[in-house]
Amino acid sequence: MASRVDITPAAADVLRSLRGAHGPLMFHQSGGCCDGSSPMCYPEGGFRTGSSDVLLAELVVDGVAEPVTFWMAATQFERWRHTHLTVDVVPGRGSGFSLEAPEGVRFLIRSRLLTPQEQAALDA
């Protein structure tokens, strides 16, 4: 089954820890510059989404009771609609409001183009 968003094992570990501390979680990826273009992790509902956002995925993470939603600004999605995203985590501290910042790590996106088969399945 084709997906637009996946998560690395290292990022899943961080999400399990954050879930324990903050409850259900969500991501939002804006089109901002610098760290504004990094995926930001919030408590579910902690970032208000609306008609200017697209729900790309409900990530199933082992050890997390509910899916972690992944939202993207609609204007950003128009540019990235042919891209598969993987949420990863690296050492360092971002400059946003993302929940992982105090942990000394930051989420980032690794991307690749969707294959023609993936694109067809997602368009169906």
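The values are calculated or read from the model by the stated rules, or taken from the named source; none is laboratory data. Remember, it's a predicted structure, so these values are computed and weren't measured experimentally. With ideal geometry, Cβ positions are generated from the backbone for all residues, glycine too; neighbour counts draw on all protein chains shown. Accessible surface is based on the protein model in full, side chains and every heavy atom, while ligands, DNA and RNA are left aside. Shrake-Rupley method; radii C 1.70, N 1.55, O 1.52, S 1.80 Å.
Taking segment 80-124 as the range and being part of a helix (DSSP H, G or I) and touching a strand residue (DSSP E or B) at 6+ places or on another chain (Cβ under 8 Å) as the test, the residues that pass are TRP80, GLU118. Can you pull out every residue in segment 73-109 that is hydroxyl-bearing (Ser, Thr, Tyr) and open to solvent by 70 Å² or more (accessible area, probe 1.4 Å)? Selection gives THR75, SER95.
Kindly establish whether LEU114 is open to solvent by less than 40 Å² (accessible area, probe 1.4 Å), within 21 Å of THR49 (Cβ to Cβ) and in contact (Cβ under 8 Å) with a residue 60 or more places away in the chain.
On the way: open to solvent by less than 40 Å² (accessible area, probe 1.4 Å): yes; within 21 Å of THR49 (Cβ to Cβ): no; in contact (Cβ under 8 Å) with a residue 60 or more places away in the chain: yes.
No: the conditions fail for LEU114.
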